[in-house]
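Working notes, beginning with the structure itself.
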Amino acid sequence: MTASGAALGIIFAIVAAGASLGFLAGARRRLDLEQWTVGGRGFGVLLVYLLMAGEVYTTFSFLGASGWAYSRGGPALYIMAYLTLAYVVSFFILPPVWELGRRHGMQTESDFFARLYGSKYLAAFVCLTGAAFLVPYVQLQITGLGIIVEAASFDAIRRGPAMAIAVSVVAAFVLASGVRAVAWVSILKDALMLLAAVAIGIAVPYYHFGGIGKMFAALARAHPAHLTLPGATPNLGHAWYISTVLLTSFGFYMWPHSFAATFTARSGDIIRRNAVVMPLYTLTLAFVFFAGFSAVVALPGLANGDMALLTIVRSTFPAWFLGVIGGAGALTAMVPAAIFTLTAATLLAKNFYRPLIAPAMSDDQVARLARGLVVILSLIGLLLAIYSSTTLVSLLLLGYAGVGQFFPGVVLGLYWKRVTTAGVFTGLVTGVGTVAVLALTKHDPLFGLNAGFVALCLNLLLAVGVSLFAGKRQVPRIADADRS
């Protein structure tokens with residue numbers, strides 16, 4: 001059997017196994033809106049852990065992290081810092097979010113804003129913003145999947161067909177099983193990713209340099225600036241690093257899919273335990289960085305840093321193991337893409353279309369509309385992946401800059417009784433508008449700071465300032481009752 005044939009066979013076997021798990025997850029269950037979006041609020045510690053890990057550790061973890069280690073160096077290490085801090089933030093804010101969700105039957109992030117602030121227009125704006133910034137994240141997964149399958153199959157499958165097939169499979173098992181499909185497929189995906197990351201991170205430095213320490217020594221001799229800030233960039237210095245870590249730590253659970261995953265838990269204690277355990281998963285990223293840094297010395301001059309990990313893996317491992325990497329990478333793209341499209345579709349159907357256009361819609365009608373939107377959003381993500389060339393980390397940071405603007409509204413709503421609807425709405429619109437202007441005019445970073453962090457500061461100042469100026473609290477009394 002040829003090398004490409006062996007790799008392809010393993011890739012197809014792994015993807016088929018993952019897809020089968022996705023379809024089986026919803027078997028013998030009536031998937032109403034509650035089951036489809038939050039799994040009946042019955043997930044225990046293991047399923048919540050797998051669901052949240054499945055959402056967080058994506059093709060970005062495989063390709064984007066190693067790609068930035070290769071092309072930018074030191075600035076890439078912000079990833080290790082923000083993930084750890086984000087779980088600390090989640091320990092304090094997600095349990096009260098879960099409690100509100102349980103009491104009032106919330107299924108989406110927009111439900112939270114609608115209940116807490118009593119404004120369907122604010123909730124609709126949160127919905128549109130969340131869906132808009134989820135699209136680049138879907139694009140990231142599909143792009144990464146195409147890169148992985150093309151490289152792992154020794155170019156036997158081209159990027160376009162690979163992406164189209166995967167998007168079709170993802171849409172099918174989301175339609176069939178909803179959020180349970182994501183949690184079930186994550187079992188296989190996480191096991192394979194752990195195996196692949198550790199094997200790559202240890203074997204690549206030993207194969208090319210004789211060890212991890214020797215790899216770093218060789219890198220320090222060849223490219224000493226690569227291990228400091230701003231690394232191989234002109235402007236990603238200490239101010240950018242700190243502001244990016246803060247923005248992404250605060251914005252981590254502001255992603256609509258991560259926020260909604262909170263509602264699947266059986267209790268608030270499960271959320272707290274998850275926050276304690278999740279940082280252990282972050283250790284796998286260190287091995288991905290080792291591969292990226294190894295490629296800087298072993299494979300200089302790559303035109304696309306996102307290809308660094310797969311290129312060096314192809315020169316290190318036998319074909320069959322490249323197939324394992326390809327299959328693991330494919331699932332690492334498919335699982336997040338599934339939850340992203342499910343969440344965005346639910347937001348648009350439940351929190352935009354129904355309240356503003358068709359308030360008489362039943363939950364069953366909302367569920368049918370959301371399923372149709374899954375197909376549309378999957379196609380949009382596929383087209384963007386085919387025709388856009390933005391780097392994976394840039395796509396992720398753009399998304400964080402947008403969804404991070406929800407943070408003041410969530411935290412002030414939970415912990416500050418004087419916050420007002422007008423204050424939160426004003427701050428949110430200003431923050432999102434600032435992100436859009438700075439991104440479109442390519443002013444990121446701005447004065448050395450992450451542009452999304454600058455927008456977040458303006459957002460918070462206006463939310464607090466307008467709330468204080470308004471004087472009288474405008475948030476419904478139900479929020480006070482829940483908080484007491």
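Values quoted throughout were computed directly from the atomic coordinates according to the rules given, and no laboratory measurement underlies them. The structure displayed is predicted, hence computed values, not measured ones. Every residue, glycine as well, gets a Cβ built from its backbone with ideal geometry; the counts of neighbours run over all protein chains shown.
Could you tell me which of rounded, prolate or oblate describes the range 194-243, using a ≥ b ≥ c as the square roots of the eigenvalues of the alpha-carbon gyration tensor, with rounded for a/c under 1.5 and, failing that, prolate when a/b is larger than b/c and oblate otherwise? The partial results should precede the final answer.
Numbers: a/c = 3.89, a/b = 1.68, b/c = 2.32.
Oblate shape, in that a/c is at least 1.5 and b/c is the bigger or equal ratio.
Does the range 155-304 come out rounded, prolate or oblate, given a ≥ b ≥ c as the square roots of the eigenvalues of its C-alpha gyration tensor, rounded meaning a/c under 1.5 and, failing that, prolate meaning a/b above b/c? Intermediate values should be presented prior to the final figure.
Details: a/c = 1.92, a/b = 1.45, b/c = 1.33.
Prolate, since a/c reaches 1.5 and a/b exceeds b/c.
Against the longest alpha carbon principal axis of the chain, how many degrees, from 0 to 90 and to the nearest 10, is the axis of helix 179-209 turned?
Value to nearest ten degrees: 40.
What ranking do 154, 92, 250 get, fewest neighbouring Cβ atoms within 10 angstrom at the top? Intermediate results must be reported in sequence, preceding the final value.
Working: 154 19, 92 13, 250 27.
Ascending Cβ contact count within 10 Å gives the list 92, 154, 250.
What percent do you get for the relative contact order of the range 3-405 when only Cα pairs under 8 Å and 6+ apart count?
39
Calculate one ³J(HN,Hα) per residue across the range 342-353 by plugging θ = phi - 60° into the Karplus curve 6.51 cos²θ - 1.76 cosθ + 1.60, and present them in order as whole Hz with x for glycine and proline.
Using θ = phi - 60°, the values come out as 4, 5, 4, 5, 5, 4, 5, 6, 7, 10, 10, 5 Hz.
Taking the chain as the reference, fit the longest principal axis to its C-alpha atoms, fit the long axis of helix 78-104 to the helix C-alpha atoms, and give the angle between the two in degrees, 0 to 90, nearest 10.
For helix 78-104, the angle is close to 30 degrees.
How tilted is helix 45-56 with respect to the longest principal axis of the chain? Cα atoms for both, answer in degrees (0 to 90, nearest 10).
Around 70 degrees separate the two axes.
Per residue of the range 266-280, what does 6.51 cos²θ - 1.76 cosθ + 1.60 with θ = phi - 60° give for ³J(HN,Hα)? Whole Hz please, x for Gly and Pro, Karplus curve as stated.
7, 7, x, 5, 5, 5, 5, 4, 4, 5, 6, 8, 4, x, 4
What order do you get for 416, 68, 320 when you list them from fewest to most C-beta neighbours inside 10 Å?
Values: 416 16, 68 31, 320 13.
Starting with the residue having the fewest Cβ neighbours, the order is 320, 416, 68.
Among 342-348, 135-141, how do they line up by average Cβ neighbours within 10 Å per residue, starting with the highest? Provide the component values of the computation, followed by the final result.
Numbers: 342-348: 28.3, 135-141: 25.6.
Highest to lowest by the protection proxy: 342-348, 135-141.
With 10 angstrom as the radius, rank 190, 306, 363, 155 by how many other C-beta atoms surround their C-beta, starting from the fewest.
On the way: 190 21, 306 25, 363 14, 155 10.
So the ranking, lowest neighbour count to highest, is 155, 363, 190, 306.
Can you compute the radius of gyration and Dmax for the range 3-405, using only the Cα atoms, both in Å?
Using the Cα atoms of the range 3-405, the pair Rg, Dmax is 20.5, 68 Å.
For the range 114-151 and the range 363-442, what is the centre-to-centre distance using only Cα atoms, to the nearest Å?
6
Is it possible to state the helix-based mean residue ellipticity at 222 nm for the chain, with each DSSP H run of 4+ residues giving -39500 (n - 2.57), the sum divided by total residues, to the nearest 500 deg cm²/dmol? What is it?
On the way: 22 runs with 356 residues, N = 484.
It lands at -24500 deg cm²/dmol.
How big is the dipole moment of the chain about its Cα centre under a simple scheme where the beta carbon of each Lys and Arg is +1, that of each Asp and Glu is -1, and everything else is neutral? Debye, nearest 20, please. Walk me through the numbers before you get to the answer.
Details: 30 positive and 16 negative charges, 155 e Å.
Computed charge dipole of the chain: roughly 740 debye.
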